[in-house]
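All remarks here apply to the structure that follows.
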Amino acid sequence: MTNPRSDRVKAVRALAGRPARSRHGQLLVEGPQGVREAVRLAPDRVRDVYVTPTAGERYPEIVGDARAAGLHVHVATAEVLTAMSADAQGVLAVVRTQERTLSDVVSMLATPGRERPALVAVLATVRDPGNAGTVIRAADAAGADAVVLAGESVDVHNPKVVRSTAGSLFHVPVVTGVSLADALAALRGAGLTVLAADGAGDLDLDDLLDVAGTSDAGTGAGTTRRVDLAAPTAWVFGNEAWGLPAEDRALADAVVRVPIRGRAESLNLATAATVCLYASSRAHRPARRPAASDEHA
């Protein structure tokens, strides 16, 4: 492909906008990491892969996996890729969207024989695409089962969200188009404790982590529900500018603050979410059995 003004190039570029994504049920995946994961984990959803000759040589595994899966691989000039997307880094894919429902996630959480307690991240009216994508990536890294974008949150198929997930969009189910109240009611009904992360929280995250999984794990202020980080948990994170309003905090079983020991006024959304998700991930990890050398020390 050599013509950056072709109809195909224009059609791909249009997917940067929500109207075209909604109309065609497709999204852009830009850059080698995202395309690699799409080809590896969701080849049935990949419609086309575009690479420059240089990128094809640099990332032969992407081209090889795509062709092995029977996907359409188009070699295009750098000018064509740039016309499709300024953020392609020489590799781009057009992928069919996949809608996940809250019922899908609840059913998954109820699957018998789970290895560890459930963990879900809920974003309440999170508007910044970079933050949303970073939280999805952090949730994936922490071993979360799902992410829910509730209320008026950003479109998860926004190219910047997709890029910020660095491929995690193809690892973790993401639910959109639900109200915060409905999402939390469904997750609580599935047996998860709902914890809201907020700087004004009554409970300290470190204190909860200290007693997670022990008889000392107690109840939060204003609730009779046990607050134990070792239990199945849904974390709720609020908007970048105003956090969680009182009516949203009231939907949680407890409100938890991340301790700040230095002079920083606060943590940004993605950082706070990462800290909270990893605290739960640590609490959910099975106890390490001592090595033989430890037992006989």
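The values are calculated or read from the model by the stated rules, or taken from the named source; none is laboratory data. Note that the coordinates shown come from a computational prediction; the quantities given were computed from them, not determined experimentally. Note: ideal-geometry Cβ built from the backbone for every residue, glycine included; neighbour counts use all protein chains shown. Calculation scope for accessible area: heavy atoms of the full protein, side chains included, ligands and nucleic acids excluded. Shrake-Rupley method; radii C 1.70, N 1.55, O 1.52, S 1.80 Å.
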Review point. Residues in region 201-216: is at least one hydrophobic (A, V, I, L, M, F, W, C), closer than 30 Å to residue 96 by Cβ and open to solvent by less than 60 Å² (accessible area, probe 1.4 Å)?
Key: no
Exercise for review: Pull up region 83-102, narrow it to residues that are among the hydroxyl-bearing types (Ser, Thr, Tyr) and more than 14 Å from residue 25 (Cα to Cα), then point me to the one that is nearest to the chain's Cα centre (by Cα).
Suggested key: 101
Check your understanding: Has region 115-128 got any residue that is assigned to a helix (DSSP H, G or I) and under 16 Å from the mean Cα position of the chain (by Cα)?
Key -> no
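Regarding residue 67, is this residue part of a loop (DSSP other than H, G, I, E, B) and surrounded by fewer than 18 Cβ atoms within 10 Å (Cβ to Cβ)?
Against the criterion (part of a loop (DSSP other than H, G, I, E, B) and surrounded by fewer than 18 Cβ atoms within 10 Å (Cβ to Cβ)), residue 67 does not qualify.
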Review point. Which of the residues belonging to region 135-167 are surrounded by 20 or more Cβ atoms within 10 Å (Cβ to Cβ) and within 17 Å of residue 281 (Cα to Cα)?
Key: 135, 136, 137, 138, 139, 140, 142, 144, 145, 146, 147
Study note, to complete from the structure: Residue hits (region 6-48; closer than 16 Å to residue 74 by Cβ and open to solvent by 90 Å² or more (accessible area, probe 1.4 Å)) are 7, 8, 10, 13, 47
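Please indicate, with yes or no, whether at least one residue in region 180-191 is within 18 Å of residue 283 (Cα to Cα) and at pLDDT below 95.
Looking through region 180-191, at least one residue is within 18 Å of residue 283 (Cα to Cα) and at pLDDT below 95.
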Check your understanding: Which one of these is modelled with pLDDT of 95 or more and within 15 Å of residue 273 (Cα to Cα): 126, 147, 175, 161?
Key -> 147
